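The structure appears below as structure tokens.
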Amino acid sequence: MKNPRKFIQQQTNHMLSKSTERLGQFKQFLFAPNLITFVISVVVGNSFGSTIKALVNLVFGLFDFTRLWLFSTQHTLYYNRFTQPLSEFASSLLTTVLIATIVFFTIRFINETLIVDPVNKWGYNQAHADALHLQKQNEETIALQRKILAELEKLNQQENPK
């Protein structure tokens with residue numbers, strides 16, 4: 001090695017450029033809209049699935065409560081057959097709403113602070129954005145057509161006075 005200082009500097013620069021490149025790739029991976037959509041679907045879907053299970057348990061608990069009340073000899077009311085599934089359903093529903101709220105505000109925070117390009121924002125929907133753009137263009141076209149019709153009516157009235 002003729003110049004160890006130069007060699008170390010080159011290796012350091014190479015390592016820094018590679019790590020910066022990999023960091024950019026990792027950021028691109030993390031902020032990929034398809035990945036985020038998948039993760040959100042899994043997290044909120046899992047929570048929603050447990051809410052549906054709790055709802056089914058609540059319905060069966062209500063049937064069990066009614067069955068025991070109707071067909072027991074003393075018509076005893078077993079409230080725990082209904083109240084426990086009701087409590088589980090309420091807890092699961094609240095958990096689902098809280099998870100969805102936290103996910104929503106986390107994504108909103110990230111979109112507003114970390115991502116500049118609207119196409120790369122999480123939850124960005126190109127088809128929806130295109131539809132809004134087309135709707136705006138249609139409204140402008142209709143307004144222009146109305147102006148043209150009004151001008152044509154004025155010209156027609158000037159040429160053919162009654």
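The values are calculated or read from the model by the stated rules, or taken from the named source; none is laboratory data. Computed from a predicted structure; not experimentally measured. Glycine also receives a Cβ, built like all others from the backbone with ideal geometry; neighbour counts cover every protein chain displayed. Note: accessible area is taken over every heavy atom of the protein model, side chains too, but ligands, DNA and RNA are not part of it. Shrake-Rupley method; radii C 1.70, N 1.55, O 1.52, S 1.80 Å.
Averaging the Cα positions of each part gives two centres, and for region 46-113 and region 1-20 these lie 60 Å apart. Helices meeting the span-like rule in the chain (full DSSP H runs, Cα extent of at least 24 Å along the helix axis, mean Kyte-Doolittle score of 0.5 or higher): 33-71, 80-113. Each peptide in 150-156, 61-67 gets a packing score, the mean of other Cβ atoms within 10 Å over its residues, and the list from highest to lowest is 61-67, 150-156. Look at the alpha carbon pairs under 8 Å that are at least 6 residues apart: their mean separation over the length of the chain gives a relative contact order of 24 percent. Placing +1 on the Cβ of every Lys and Arg and -1 on the Cβ of every Asp and Glu, with no other charges, gives the chain a dipole of roughly 860 debye about its Cα centre. Placing a pseudo-label 7 Å from each Cα along the Cα-to-Cβ vector at ASN156 and VAL44 gives an inter-label distance of 5.1 nm.
Given the peptides 36-42, 4-10, arrange them by the average over their residues of other C-beta atoms within 10 Å, most packed first.
Values: 36-42: 13.4, 4-10: 10.0.
Those peptides, ordered most packed to least, come out 36-42, 4-10.
Probing with 1.4 Å while keeping every protein chain in the model, the per residue accessible area of the chain equals 84 Å².
Leaving out ligands, DNA and RNA, what percent of the accessible area of the chain is carbon and sulfur, probe 1.4 Å?
Details: 8740 of 13620 Å².
Of all accessible area on the chain, carbon and sulfur atoms account for 64 percent.
With the biggest extent put first, the Cα atoms of the chain measure 103, 89, 19 Å across the principal axes. Over all orientations, region 57-114 has a Cα convex hull whose mean projected area works out to 4.0 square nanometres.
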